[in-house]
Structure formats: structure tokens, C-alpha cells
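What follows draws every value from the coordinates through simple rules; no lab data is involved. Everything numeric in this text was worked out from a predicted model, so none of it was measured. Counting neighbours? That spans all protein chains shown, and the Cβs are built from the backbone with ideal geometry, glycine included.
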Amino acid sequence: MSTQKVFYRERIYPLLFMFLTTFFCILLTAGIHLATQDRALANELSFTRKAILDAGGVEYENTTEGIELAYKKAVKEAEGYFTTSGTSGTRYIIPLEGPGLWGTISIMAGFQEDLSTFTGIAIVSQNETPGLGARIEEPWFTAQFKGKQAPFTLVEEGTAATPSEVDAITGATRTSEYFRNLSNQAADAAKRIIRGE
């Protein structure tokens, strides 16, 4: 076999094959991204609206349609915050972000009319360690803020006894501290955003 044929077979053809394979995979991935982009944005919007409803203490059917229906019926958008009105009065919900152990933690924090008492906290996004810090999304963790006022102190998981205490997540001390700091800032942020204080 000639040297030129060996050169093409061992050097050029593998490069050409890799180039075509890579080009096809990129084209396929880009096509899938473009085809699903609208659905991904709709899911992201629905997830954010679900967090607003949770923080405001609004009941809803946990389906995309149920979330949209409850949001349109109960939530009013203002500049930088959201409100809901019901038998328990007006509730204010603010978006808030702060550092976590591995990235930004984004929450929706809901307050009663006094802008001090939590009606709920819901996680919008977080990058914490799965099975440890990511447990901040678990309902037992976020529910413990409802009806309480900051400042909060952390105690061992399962031992919170006073209104100013919240259970830390076992094995995720730093994430718990970051979340406590974020929730401690929430009332001041709400007063600044809503009342300009």
C-alpha cells in the first residue's frame, strides 16, 4: 500500500470522521435546544409563579394550569414585588437573592401587611449539594419560617422551640447559615422595596 493511502487512512479520514460527527452532534443539540426553548421558558415561568404562590400562602392545584389560574386570579404584579389579597389581608412577596455555598440562592419571601411576619418562603433556584444543602427546598425546611419574624438563630435539626429559632440542616451548616442570613435580610429588603424605607 502506498504511503499516501496510509496517510489518508490513518490521519485524514479519522479527522474527517470526527469533524462530521461533531458537526452532526452540534447541529442536533442546537435543533433540540431551539425546538424546546419555548417549553423551557414556560416551565421556568410556571416554577417562578409557583414559588410566588407558595410564599404568599395561596392555595392552588399543583398542575401547570392550576398554577396559572391561581396566579392570574390572586397575584398582582408591582414594581419589584407581588401582592395577594384574601380573607387574611394583603400579603407582599418579594424576590431576593443571596450567596449560597456553591452559588446564588434565589427565593420568594412572603410577608403579612406588617412586612415583618413571614407568610412563607419558597426557593426559586439554588446550586447547593444534593442530599445536603439542597434540602433547603424541602417543605419542612421552608415551612418553619411561616408566621415568624427575623432575626433567626440556627439550632440543631429538630430542636427549634422558640419563634426566633429555625432548624439547621444536619450536614449542611454553611448552607443553613447562608439561608438564615438571607431570611434575616428579607424583612428589611421588603420594607425598602415596598415602602421605600
| request: For residues that are basic (K, R) and in contact (Cβ under 8 Å) with a residue 60 or more places away in the chain, scanning just segment 181-197, find the one that is farthest from G120 (Cα to Cα). | output: R195
| field | Residue under evaluation G196, criteria (1) farther than 24 Å from T87 by Cα; (2) surrounded by 14 or more Cβ atoms within 10 Å (Cβ to Cβ); (3) more than 18 Å from the chain's Cα centre (by Cα), criterion not met | value | (2)
| message | Which count do you get for residues in segment 104-124 that are more than 13 Å from L182 (Cβ to Cβ), out of contact with any Gly (no Cβ under 6 Å at 6 or more places or on another chain) and in contact (Cβ under 8 Å) with a residue 12 or more places away in the chain? | response | 5
| remark: Given the conditions (1) touching a strand residue (DSSP E or B) at 6+ places or on another chain (Cβ under 9 Å); (2) surrounded by 15 or more Cβ atoms within 10 Å (Cβ to Cβ); (3) assigned to a helix (DSSP H, G or I), every one holds for R135 apart from (1)
| field | Index of the failed condition, A122 passing every other in (1) touching a Phe, Trp or Tyr at 6+ places or on another chain (Cβ under 8 Å); (2) buried (at least 19 other Cβ atoms within 10 Å of the Cβ) | value | (1)
| Of residues in segment 39-56 being in contact (Cβ under 8 Å) with a residue 24 or more places away in the chain and more than 10 Å from A122 (Cα to Cα), the one farthest from the chain's Cα centre (by Cα) | R49
| field | Given (1) part of a loop (DSSP other than H, G, I, E, B); (2) on the phi > 0 side of the Ramachandran plot, index of the condition G120 fails | value | (1)
